[in-house]
Every structure is written in structure tokens, then in C-alpha cells.
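Student: First, the structure itself, so that you have it in front of you.
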Amino acid sequence: MVFLPSATSATSAADVGLKRSHVDYSRYLSAEARSRLPNPIKSIWKAAQVKPGTINMGNGDPHHTLYPISEVNFVVPSIDEHDPVQSWRSGTGEQNIISSYKDELCALSLRTAFAYGAGAGLKDVRDALADLNDRIHSPPNHTVSLSLGNADALTKCFRLLGDPGDSFLCEEFTFSAMTNAALPLGIEWVPIRMDNNGLVPSDLERILSSWDEAKQGKRPHVLYTIPCSQNPTGSTLSLERRQQIYQIAHDWDIIILEDDPYFFLQYDLGMSQSTIQQYGHTRAMAEVLPRSFLSMDYDGRVMRLDSFSKIVAPGMRLGWVTSNSYFADKLDMLTDSSSQHPHGMGQAFVAELLGSNGWGVDGFMKWILSLCNEYQRRRDLFMDVFRQKVATSGFASAEVPQSGMFVWIKSGPTTNTADLMDELFRKLLNNGLVMMPASTFAIADRTGTMGSHINDRVNFFRATFVGTDETIRNGLATFGRTLEEFFL
Amino acid sequence: METPQIDNNATSNNRVIDLSHHLSDEARIRVANPLKDIMRVISECPVTDLITMANGDPHHSLYPFQQIMYEVPSIQDPSDPVTSWNNSGRTQIFHSYRDQECALPIRNAFQYSRAAGLVPCKDALTNFTNLIFAPPNHHVMLTFGNSDGLTKVFRIFGQKGDHFLTDEFSYPGITNCPLPYGVKWVGIKMDSGGIIPEELEKVLIRWDEAKLGRRPRLLYLVPVGQNPTGSTLSVDRRKKIYAIAQIWDLIIVEDDPYYFLRYNVPQTNCASADPDEFIENFRSTLIPTFLSMDVDGRVLRLDTFSKVLAPGMRLGWITSNKLFHLKLGEYTDSSTQPPHAFGQMFVTEMLSEHGWKIDGFCRWLRSLCLDYQNRLDFLLDVFQREVEPTGYAKRMFVWIEVFFEKHPRFVRERCSGGSPVVARTNTECLLKELIERLMSIHGVVFMPASTFAIPENALWVESDGHVPLSDRTRFLRATFAGTEDIIEKGMIRLGKGLREFFQE
């Protein structure tokens, strides 16, 4: 028979936490997640760890003496520079070398990093990120699991929580590459109206309170939101809205998937220099960063997705999921049944970077602050040029984004919107400029309760300001010119 | 939804076989990235110097990496790099640069990529694959290792109610994976040479679709160093299995992490310094893969760096026909995304002109194989000395067969009739007891065969003369990945433990 873990091995921290909080989280899970068993080989492996001196001839792991990498050195910016990002970009700054070793002392030995591990990721790295979480969000009672980035984490959450036929809630303009990923799983999306400030809580309430299970199927139990630099609209939810949304989630028993890759790219922060000097960058950032859903999560209904993609690099393929310990356990089981734990080099790098021989957490926050300044500079340049070259014509307008990389430009026709926007997009292309039309991100409403079709409201472009200054200037000049050609 | 406009499986002799009916509903419904259409329109735009304000990609000037250096064994010594490495031999450095030339620069490696992975890495592995495996007409896609690759493959072919075929003793870390979404396994009888082709055929012929649902259409195999039995499929068996797959329209999933660690391989004069000569010799020691004989495009082959570099590398690749390659790419874009920059950079540099190159990597592989061979030989020596004399066990590779019928408490029921799959002996109980005693009293851990046994269903076995799998679950799996000291101690403890168990 296939080996099934005994009852005792299932008594984990997850169960203890469960009893303590008197909440049964299993009802949120998909049928698949409910029936998934832990990896039986790992159960035996764990049992073998118990008695010292035990010889394990059970597992097929290559010995570390056969790993052909004894040392990895990463040449990174020195964090001692006053403005590390500027120094780095101009090539004038000092460099640091961060090293990982197999046979010498370091924060996370390559012996460990290059071995098989549990899906959640190595403890050292999880602990470092849990510490960061504590200092920024002070979450009530949560567990950290590593991911391969937010696309990986999010799509795993879809499998964890969604059954075929389920309806999930999302912002009416959203990161459609991800919402599309849920469709083959049989999940349908219910869009929530947005305004300049993001998703409108009263519309969320309206959808849930008027939901007719007889006609529409099971009431939605998951909300997918991008609260900072919402993709594509660029808005950031206010504290008040977040509290309202959390309350609604509490009332209607909704799990919140907080997808937050732009969280650390915030502008106009007004950070206190004296706080930095006295308490360090982390504390200073924590005081001005938005309040996450995680930070107010007393029900354990938030699964927060953080990523290194925008604050280190996309190819890191590393992030972390923070959730209640029950969900974390189930997520780890799914990871153990699929992609497995993240790569050793990425974990070793993060451990060294955040460790005492690297930048440390405060140094990492200093890098991030420096990044924020750089992105803010580009944002300001973008908005300046936009005002001069585009807004003056009266054919387009845009709010100043408080975070992230996106500007949501209102433009174009208000009738025949979808078709004319398509024409405008192609015209821009022919004039040498690419911007994303809103239709790419639009989620059509199938409930029929929204009042207007989203196609009448797709008169927007999503633009980014991550390119060079030249790109921004030339791009917006082209945009302004093309608008005039189109509308006149 | 229209099917993709590609020449699906134009084979080398221009037979086009449409295998799209094998896809799961999920895979069929999955659409390519919605941004893909826009990307296509953009790429078809004739304007040069296009200004893009479309993507939220951090600029490479903001990546905090200027250089990455990896210290690795020097492959200068052509004969035995692994032994040199363990004896403080010479080392060399692979470099990844942001601003200088290298095989996969940092500024490209850390960008968002799609589907199959970064082109330089994909190309390097495609070259390797073509050189070593010579697939007829296939494409390479990067994965995070074989667990990642396999579970993606299962999702694109399997759905609720389906059955997959595999060895009757199999690695549950993988076979458990599709169970939660309703896929079941059919275990095929094995002997010391692995899965028995005739038994596979019998199951397919006997399959009653009315009772069991759709006939199984996917065969999952670990053809070299099968886990747990350690067996390797002969060339003759591979050809027979492929022929069966053609007749019964099976997809073959070739999971081959130990391919380069095959044992008792005749070592020709393999230490030639000349790269081409070395590769020729090296190739001649390799057993033909299912991939290399795949004229239909029905094989998906999974290779990984886990056992030949390190498990934590989390990098591998899948070689398959174009349709499956596209579908896997779509699924990757809808889930994990392609693998991490670190791994792709390392492997690309390793295979490049400035690294080990393909022949250097093959030298490492050969040297590794010899090292494992030495450890295995040592284990077998000690086994012969400490365990065989007890008379209670015999090794079949390191799938150790225990003669439970010699135990004073062995029970065999004399009954006839009833289900052919229900146990008639207490083999499994005795096995469990032995494992526990070896662990808690003697301090040595083995995996019991029961961990690997695929549950049987009376409907797909022969009713006459079938010995239930439960009565044949009489093996311990041992590995020899440890040091000689560990191996010796382990075998001594096993010998002692067996004596005490049987002489109670």
C-alpha cells in the first residue's frame, strides 16, 4: 500500500494553532487541497532525524562533497553610499562582495542551500523574512512560506482555494495574465467597480449582499486585490478603504489574496531623518508605508504575497507568502507536490544579503528607499512632461500615482469606446509608441448587475515610467502628438 | 478556440501524428497569455526604434548585481575531476557579468522571460540534448527540476477519472501528486529488469472501459536506476515498450534523473583529452533513450541537474514535440514562470566556451558515475560480508529482498477464491516491524517496499495465479550516497538486525 503518515506525524504547529484560534480554515479549501496528503518520504525522513547516530540509508540525496560549487560571490552595491542606487547607476559607488560557501562559515551554507529541503523553504530565510514582516506589518499570528515569486504564489493559491465553478472577486481592471490563469481551473471572476482611488468598497458590499446562490452558484469566498500601485490603474488603497474592505471580508467570510509586489515602491513618503538616524531605515519605513491587509488580519483571512521581483530583480524568482499556519501548511503540501522548495542560490543570496555580513535588513530598506527616490524622480519627470506635452491639449488626463510603476491615463473616446481605443492604440504604434490599452486588463461582468458594460469604460492607457529619461520625454511627446492627430 | 497554427508533429519521415486528444480539459481550455496577442501586434509593427511604456519591468541598471563568480572544480584534469575535487584539486571560476561579455549577461538573465526560458540557456541545453540524445524532432523547455516538470506534465494530460500507468513499485513523492485531482495509478508488474512489457500489454488488452473508465494513455517510467528497485530497462525492453505505446496510443513520460549514473557500464578508453573523441566515447557508453526512438512525438523526456550538480539547483528541462512544448510553455506562463536567473546563468556559463563546455560537463558526469560506482561496489562488498551470510536477505542492486517466509511468525493463509489482490500472508506486517526495529534498536534507516507499492485493483489483474502485491512487498531500499564509513556501519547494523529479528 502507499505509505500514509501516521496520525501522530500530522500533529503539527498548524493543528495547535488551529485549536487555539477555534477557527476551522478547512472549509475555504478546494476539494483538491483537502484531499492532498503530506509527502510520505519526508515523513520517514523526519522520523529518521529523531535518534542521534541513526544511519539513514533511506534517502537518495547526493552527498555535499559531490556538489561542484564551493563558493559563490555576488558583486553588489555598497550600502554605505549616501544614495546607493544613484551611485550604482552612475558607476561611481563602491562595491561589496557577498559570499556563500560550502565548507566555510557563512549565513547559509551551500551545503544546506544545495540540498533537498521542505517546500516552505529554509528556516534561516523564512525567519529573516518573518522578522522583516514583524518590523513592517506586525502581523497578529502568521507563518512565512517561500515562493518562486508572486505569479507562482498566486496561482498556487488559486489551486488551494478554488474549485471548478467557484466565483472569485477581483478589481474590474486587473492583472489579467493572472486572472486568466484561473480560468482553466474552472474559476470565474466577478469584477468590482473602481474609481480613482481603487476598488470601491460599497460595490463589493453590493455584490455580496445581492448574491443569489440559486442563480449564481456558490457565493464568492476569495477576493484578489493589488492594493498598492494597482495593476493597471496605479492607484493605492487608502487606510480607510482597507479597513472597510477588511470589515466586509469579515462579515461575508472572504479570504483576501493581497498581491503586493509594489508595496515597497512608495513616493512622497516624508520620512523622518531623525527616525532613520535613531532607529534605522526599517523603523522609519514602517512608519510611513501603507497599512497592509496583513497588518490588520486578526481573523487569519489574509494571504499576503511579497516578491523580490521589483525590488531586486524579476529573475530572482523568489518571494514569500504570509498567512495563517493552517493555510501555510496546506500551501507547503502543494509545493512539495509540485515545484518543490526554491533554488539554493536564491535562498543563499537572500540569507547573506539580509545577514550580518551583507546589507542586513536596515541596509536592504536603505536600498529600497534609494530605489523609491529613483522611481519617484522618474514619476515626477513623467508627470511634468505629461502636463506639458499631453494634458494641455485636453485630450488626456492622469492622476499622480503614489506608488509603483503605472500611470493610468484617461483618454480617448467615451462612445464606441472599445473600437476607437483599438484604433488609437494602433495609431500610437505606427507613430512608434507602445502603451497598454485598458481593454487588455478589463474583466467583463457576467452577473449582469453592474449597470454598464466595461467596454464603455475602457478609455484608458496604462503607461509605465520605468524607462530612461529619454524614453519618457520622447514617448510622451509622441503620445501628445498622436492624440491631436486622432481627435482633430 | 482554434488549435494552434503549427506543424504539430512533422516527423523526420513526414508522418504527422496528432496527439492533441491526449490533453486534459484544463490544458485545452488554457489560452496563451492574453498579452500575447498584443505582443504579436507589437512585434509585427514595422516601426523601428519603438518606444515602449508598456511593461512594469525594472530597468537592468537597477539590478543590484554587477558580477557573480562561482568556484567550481577545474576540468583541466581530464581523467577524474570528482576525485580531484574531493582532494583539494584545482578549481576554476565561472563568471556572470553585467557589462562584460559572457554567455548569458546579468542584464538579460534577470529580466522577465516567458515559457521555455531564456534563449541562451535554452539553446545551450538544446545543443547538449541534440548531441547526446539526438531526438528526431523535439523542443526544449526549462523547468525547476523534475518534480516541477513531472507535475506540470501530469496536469496537462491528466484529469479526474483518468488512470496513469507506471511500475508497481514507484516513488510516492511523485505518484501521490495527481491523486488529489482524481487521477489513479495502475501498477505494472516488474522483475529485476524493470517493468515487464508483456504485463503492460496484458493490462491494456484486459482493460474494461465500462467498469474502469477510459483506458490509460500515459505511461510514467524511470528507465535508469528506477526508484526504488534500482533496475534499468534494457534496449530490447525499451523497443518493445515503444511499440506497445504506438499500438495503444500511449504518451511515454521518461523521467531520467539518474541517466548519467548508470552502473556496470563498460568503460571504453574514455579519458581522451580530445573533446570530440571524448564525447564520441562517452556517447557510446550511454543507453538509447525513449526520446531517441521517438518517431511519433509521443515521448516527453525529463532531465534534471539535481543528481549531477545539486538538488538545490532547481533546474531541469523537458524535451517534447512542438505541441506539448507549447502547452507546457503556456502552463508555465500561467504558474511558476520560467526558472531563476541564477540557475540559468550558471548552466549557460558552464556549457559555454569559458566554462566546462559540453565535453567538460560530460567529463564531470563520467567521473561522478565512476565515483558512485565505487561506493556501490563498496556497499555490495560489505553487504556480502555482513548481510548475505545471515541467509535472510539477498540484494538485487540495493533493492534488498528479505525472506520473510523464514520468520517464525510468518503466516500464509490457505484459501482460494476471493479477491486476487487481498493479501494472503503477513509480509507487510513483518516488514513494518523489521523497519521499526532496525531504526529504533539498531539505528539504521531503510525505506520499506510498502512505501512504494501502487495499490492494486482487482479489475485490472488476472484472477488466476496472481500473487497480490502485498505478498510480494518484501524489500528494503538502501542507498549508497553516503561515505564508505556510513555504508559499512549501515550494512553491519543490517546484518545484526536481521539475525536478531529472525531468531527471536
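Student: Which length gain, in nm to one decimal place, applies between residue A:65 and residue A:214 when the Cα-Cα distance is subtracted from 0.36 nm times their residue separation? Before the final figure, lay out each step's value.
Tutor: Values: separation 149, 0.36 × 149 = 53.64 nm, distance 6.24 nm.
Additional length available on full extension: 47.4 nm.
Student: Using the beta-carbon distance between residue B:457 and residue B:277 and R0 = 41 Å, what value does 1/(1 + (r/R0)^6) give for FRET efficiency, to the nearest 0.05? Display every interim value, and only then the final one.
Tutor: On the way: r = 52 Å, r/R0 = 1.28.
With R0 = 41 Å, the Cβ-Cβ based efficiency is 0.20.
Student: Right, something else. Using R₀ = 41 Å, calculate the FRET efficiency as 1/(1 + (r/R₀)^6) where r is the Cβ-Cβ separation of residue A:278 and residue A:34; round to 0.05. Intermediate results must be reported in sequence, preceding the final value.
Tutor: Working: r = 49 Å, r/R0 = 1.21.
So, using R0 = 41 Å, E works out to roughly 0.25.
Student: A further question follows. Taking the solvent-accessible surface of protein heavy atoms with a 1.4 Å probe, what is the per residue accessible area of the protein assembly as shown in Å²? Mind showing how you got there, number by number?
Tutor: Values: 36690 Å² over 992 residues.
Per residue, the protein assembly as shown has 37 Å² of solvent-accessible surface.
Student: In Å², nearest 100, what accessible area do chains A and B bury in total when the solvent probe is 1.4 Å?
Tutor: Values: alone 22410 and 23450 Å², together 36690 Å².
When A and B are taken together, about 9200 Å² of accessible area is lost.
Student: Counting only the heavy atoms of the protein chains, how much of residue A:80 is accessible to a 1.4 Å probe, in Å² to the nearest 10?
Tutor: Taking all protein chains as shown, residue A:80 has close to 130 Å².
Student: Same structure, new question: For segment A:106-368, give the share of DSSP beta bridges that are antiparallel, in percent and rounded to the nearest 5; count only bridges with both residues there.
Tutor: On the way: 11 of 26 bridges.
Around 40 percent of the beta bridges assigned by DSSP in segment A:106-368 are antiparallel ones.
Student: Would you work out which of B:84, B:402, B:492 lies farthest towards the positive end of the dipole of chain B? Charges go on Cβ: Lys and Arg +1, Asp and Glu -1.
Tutor: B:402
Student: Mind checking segment B:336-416 for GluC sites (Glu not before Pro) that DSSP puts in a loop (not H, G, I, E or B) and that have at most 12 other Cβ atoms within 10 Å?
Tutor: On the way: sites: B:349, B:353, B:386, B:401, B:405, B:413; in loops: B:353, B:413.
Here the GluC sites (Glu not before Pro) that fit, given the DSSP loop and packing criteria, are B:353, B:413.
Student: If you don't mind, there's one more thing I want to ask. Using only the alpha-carbon atoms of the protein assembly as shown as identical scatterers, what base-10 log of I(q)/I(0) does the Debye formula give at q = 0.07, 0.08 Å⁻¹?
Tutor: Normalising to I(0) and taking log10 leaves -0.63, -0.83.
Student: If you place +1 on the Cβ of every Lys and Arg and -1 on the Cβ of every Asp and Glu, how big does the dipole about the Cα centre of segment A:106-368 come out, in debye to the nearest 20?
Tutor: On the way: 21 positive and 31 negative charges, 95 e Å.
Using Cβ point charges on Lys, Arg, Asp and Glu, segment A:106-368 gives about 460 debye.
Student: Just from the alpha-carbon atoms, what are the Rg and Dmax of segment A:106-368 in angstroms?
Tutor: Expressed in Å, the Cα Rg and Dmax of segment A:106-368 come to 18.5, 60.
Student: Can you give the accessible area of residue B:394, probe radius 1.4 Å, in Å² rounded to 10?
Tutor: Number for this one is 90 Å².
Student: Tell me the angle of helix B:427-440 to the major Cα principal axis of chain B, expressed in degrees between 0 and 90 and rounded to the nearest ten.
Tutor: 70
Student: How many nm is it between the label spots at residue B:160 and residue B:354, if each spot is 7 Å from the Cα in line with the beta carbon?
Tutor: Rounded to a tenth, the inter-label distance reads 5.3 nm.
Student: Under Stokes-Einstein, with the Kirkwood radius over Cα pairs standing in for Rh, what whole-number D in µm²/s applies to segment B:371-502 at 25 °C and 0.890 mPa s? Walk me through the intermediate numbers first.
Tutor: Details: Rh = 15.8 Å.
Calculated translational D: 155 µm²/s.
Student: Which value, in debye to the nearest 20, gives the size of the charge dipole of the protein assembly as shown about its Cα centre, when Lys and Arg are +1 and Asp and Glu are -1 at the Cβ? Don't skip to the answer; put the middle values down first.
Tutor: On the way: 98 positive and 117 negative charges, 344 e Å.
Roughly 1660 debye for the protein assembly as shown.
Student: Still on this structure, please answer the following. List the trypsin sites (Lys or Arg not before Pro) in segment A:94-127 that DSSP assigns to loop (not H, G, I, E or B) and whose Cβ has at most 14 other Cβ atoms within 10 Å. Which are they?
Tutor: Numbers: sites: A:102, A:111, A:123, A:126; in loops: A:102.
Here no trypsin sites (Lys or Arg not before Pro) fit, given the DSSP loop and packing criteria.
Student: Return a whole-number percent for the relative contact order of segment B:371-502, with Cα pairs under 8 Å and 6 or more residues apart as the contact set. List each step's numbers first, then the result.
Tutor: Working: 171 pairs, mean separation 51.7, N = 132.
RCO, segment B:371-502: 39 percent.
Student: Multiply the residue separation of residue A:426 and residue A:446 by 0.36 nm, subtract the distance between their alpha-carbon atoms, and state the gained length in nm to one decimal.
Tutor: Working: separation 20, 0.36 × 20 = 7.20 nm, distance 2.86 nm.
This chain segment gains 4.3 nm when fully extended.
Student: Sticking with this structure for a sec: Could you rank B:333, A:127 by how accessible they are, 1.4 Å probe, largest area first? Mind showing how you got there, number by number?
Tutor: Details: B:333 20, A:127 70 Å².
Putting B:333, A:127 in descending order of accessible area: A:127, B:333.
Student: Only residues of segment B:456-479 count here: report those whose backbone N is under 18 Å from the spot 7 Å along Cα→Cβ of residue B:413, or say none.
Tutor: B:456-459, B:463-473
Student: In percent, how large is the relative contact order of chain A, given Cα pairs closer than 8 Å and 6 or more residues apart? Before the final figure, lay out each step's value.
Tutor: Numbers: 821 pairs, mean separation 90.4, N = 488.
Relative contact order here is 19 percent.
Student: Between residue B:406 and residue B:284, take the C-beta separation as r, use R0 = 41 Å, and let me know the FRET efficiency to the nearest 0.05. Display every interim value, and only then the final one.
Tutor: Numbers: r = 44 Å, r/R0 = 1.08.
Computed FRET efficiency for residue B:406 and residue B:284 comes out at 0.40.
Student: Net charge near residue B:152, counting Lys/Arg +1 and Asp/Glu -1 over other residues with Cβ under 11 Å of its Cβ?
Tutor: On the way: positive: B:155, B:327; negative: B:148, B:330.
Spelling it out: positives minus negatives among the neighbours equals 0.
Student: Out of residues 5 or more away from residue B:164 or on other chains, whose amide H comes under 5 Å of its own, with H placed 1.01 Å from N in the peptide plane?
Tutor: B:184, B:185, B:186
Student: Compute log10 of I(q)/I(0) for chain B with the Debye formula, placing one identical point scatterer on every Cα and leaving out solvent, at q = 0.06, 0.07 Å⁻¹, to two decimals.
Tutor: Computed log10 I(q)/I(0) values: -0.33, -0.45.
Student: Can you work out ³J(HN,Hα) from phi for every residue in segment A:203-209, in order, using Karplus 6.51 cos²θ - 1.76 cosθ + 1.60 and θ = phi - 60°, giving whole Hz and x for Gly and Pro?
Tutor: Each residue of segment A:203-209 in turn: 6, 4, 4, 4, 4, 6, 6 Hz.
Student: Follow-up. Just to check I understand the Karplus step: with θ = phi - 60° and J = 6.51 cos²θ - 1.76 cosθ + 1.60, what whole-Hz values come out for segment A:176-183, glycine and proline as x?
Tutor: 5, 4, 7, 5, 5, 5, 7, 4
Student: Let me ask something else. Taking the Cα centre of segment A:377-487 as origin and charging only Cβ (+1 Lys, Arg; -1 Asp, Glu), how large is the dipole, in debye to the nearest 20?
Tutor: Details: 13 positive and 12 negative charges, 49 e Å.
Here segment A:377-487 has a charge dipole of around 240 debye.
Student: Next question. What would the Debye formula give as log10 I(q)/I(0) at q = 0.06 Å⁻¹ for the alpha-carbon point model of chain A, no solvent?
Tutor: -0.31
Student: Run the simple label-point estimate for residue A:105 and residue A:373 please: 7 Å along Cα→C-beta, distance reported in nm.
Tutor: Here the modelled spin labels are 3.5 nm apart.
Student: Using modelled amide H (1.01 Å from N, peptide plane; none on Pro or chain starts), what sits under 5 Å from the amide H of residue A:307, excluding residues fewer than 5 places away?
Tutor: Amide H neighbours of residue A:307: A:320.
Student: Could you tell me the extents of segment B:27-153's C-alpha atoms along the three principal axes, largest first, rounded to whole Å?
Tutor: So the three principal-axis extents are 56, 38, 26 Å.
Student: What length, rounded to one decimal in nm, is gained on full extension from residue B:500 through to residue B:60, with 0.36 nm per residue of separation minus their alpha-carbon distance?
Tutor: Numbers: separation 440, 0.36 × 440 = 158.40 nm, distance 6.53 nm.
Residue separation times 0.36 nm, minus the Cα-Cα distance, leaves 151.9 nm.
Student: May I ask you to give the percent of accessible area on segment A:106-368 that is carbon plus sulfur, with a probe radius of 1.4 Å? Write out the running numbers ahead of the final one.
Tutor: On the way: 3360 of 7420 Å².
Ligands and nucleic acids excluded, carbon and sulfur reach 45 percent.
Student: Binned at 5 Å from 0, what are the whole-percent values of the Cα-Cα distance distribution for segment A:377-487, short to long?
Tutor: 2, 12, 22, 24, 18, 11, 6, 3, 1
Student: Determine the alpha carbon to alpha carbon distance for each of A:330/B:432; B:240/B:406; B:160/B:189; A:410/B:122 and list only those over 30 Å.
Tutor: On the way: A:330/B:432 28 Å; B:240/B:406 37 Å; B:160/B:189 24 Å; A:410/B:122 41 Å.
Flagged as over cut-off: B:240/B:406; A:410/B:122.
Student: Considering only protein heavy atoms and a 1.4 Å probe, what is the carbon-and-sulfur percentage of the accessible area of segment B:371-502?
Tutor: Values: 2930 of 5720 Å².
Whole-percent figure for carbon plus sulfur exposure: 51.
Student: Looking at A:132, A:351, A:228, which one has the Cα that reaches farthest to the positive end of the dipole of segment A:106-368 (charges on Cβ: Lys, Arg +1; Asp, Glu -1)?
Tutor: Towards the positive end, the residue furthest out is A:351.
Student: Using a basic spin-label model with each label point 7 Å from the Cα along Cα→Cβ, how many nm lie between residue A:135 and residue A:416?
Tutor: Distance between the two pseudo-spin positions: 5.7 nm.
The values are calculated or read from the model by the stated rules, or taken from the named source; none is laboratory data. As the structure is a computational prediction, the values presented were derived from the model and not from experiment. Ideal geometry is used to build each Cβ from the backbone, glycine not excepted, and the neighbour counts take in all protein chains shown. Remember, those area values only see protein heavy atoms, side chains included, never the ligands or the DNA or RNA. Shrake-Rupley method; radii C 1.70, N 1.55, O 1.52, S 1.80 Å.
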